[in-house]
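This report refers to the structure that appears directly beneath it.
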Amino acid sequence: MTESLDTTVDFRATMGRLVTGVSVITTRSGSTPIGMTASAVSALSLAPLQLIVCIANRLYTRTAIAEHGRFAVNVLGEDSEILARNFAMSKPEKFAGVETVDDHGVPVLKDAIAAVVCDVAEALPGGDHTIFVGDVRYCTHRVDSRPLVHFAGDFGALSASR
């Protein structure tokens, strides 16, 4: 094992060995839906119910979340690589052809296997990212579903249960 963290490239490659779920973070800017693919999502607390998302400061999604004060974490299923790639791109109209439900003030993806809607409780500095702590306002999930995962820069699925 190499013990070199001298460069950003080494750090990214090293952290790429951490398998993560893939989510689309959604919010609004006025009436416009905003979204991005993210893997830096984690449960934080059960009392109160909270989670965290980490968003690069350079991204418009970060500004939109801070201004709107609410966001959704949409967990993608193993057949959702196209959605993940769509929301990872910098392009207008990311929501074209994407079915959403807007019952909670932010778009929730109909194809998500789980969704959590949060109000921003705190926005904390985290280097070149902002760490948003979200107070959970609504959550739902599909029982018989499997996640899309991210590992070493690529998408994949978990192997079948034994």
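The values are calculated or read from the model by the stated rules, or taken from the named source; none is laboratory data. Bear in mind that the values here come from a model prediction, so they are computed numbers and not experimental data. No Cβ is skipped: glycine too gets one built from the backbone with ideal geometry, and neighbour counts run over all protein chains shown. Surface areas here come from the heavy atoms of the whole protein model, side chains and all, with no ligands, DNA or RNA. Shrake-Rupley method; radii C 1.70, N 1.55, O 1.52, S 1.80 Å.
Close amide H contacts of ALA40 (hydrogens built in the peptide plane, cut-off under 5 Å, sequence separation of 5 or more or a different chain): CYS54. Counting only Cβ charges, +1 for Lys and Arg and -1 for Asp and Glu, the dipole size of the stretch 1-81 around its Cα centre is about 380 debye.
When the charge dipole of the stretch 11-86 is built from unit charges on Cβ atoms (+1 for Lys and Arg, -1 for Asp and Glu) and taken about the Cα centre, the candidate among GLY16, LEU59, ASN86 whose Cα reaches farthest toward its positive end is LEU59.
Based on Cα contacts under 8 Å between residues 6+ apart, the chain shows a relative contact order of 27 percent. The magnitude of the dipole of the chain, with charges of +1 and -1 set on the Cβ of Lys/Arg and Asp/Glu and taken from the Cα centre, is near 100 debye. The amide H of ASP79, built 1.01 Å from its N in the peptide plane, has no neighbour under 5 Å, considering only residues 5 or more places off or on other chains.
Starting from the Cα gyration tensor of the stretch 14-162, take the square roots of the eigenvalues, sort them a ≥ b ≥ c, and report rounded, prolate or oblate (rounded when a/c is under 1.5, otherwise prolate if a/b is larger than b/c, else oblate). Note, shape of the stretch 14-162 comes out rounded.
When both the stretch 127-161 and the stretch 61-94 are represented by their alpha-carbon centers, they are found 12 Å apart.
Which value, in Å², gives the accessible area per residue of the chain when a 1.4 Å probe is used on the protein heavy atoms? Walk me through the numbers before you get to the answer.
Working: 9760 Å² over 162 residues.
That works out to 60 Å² per residue.
Label zone of VAL19 (point 7 Å out along Cα→Cβ, amide N under 17 Å): in the stretch 129-162 this covers 145-162.
Dipole magnitude for the stretch 119-162: computed about the Cα centre from +1 point charges on Lys and Arg Cβ and -1 point charges on Asp and Glu Cβ, it is near 360 debye.
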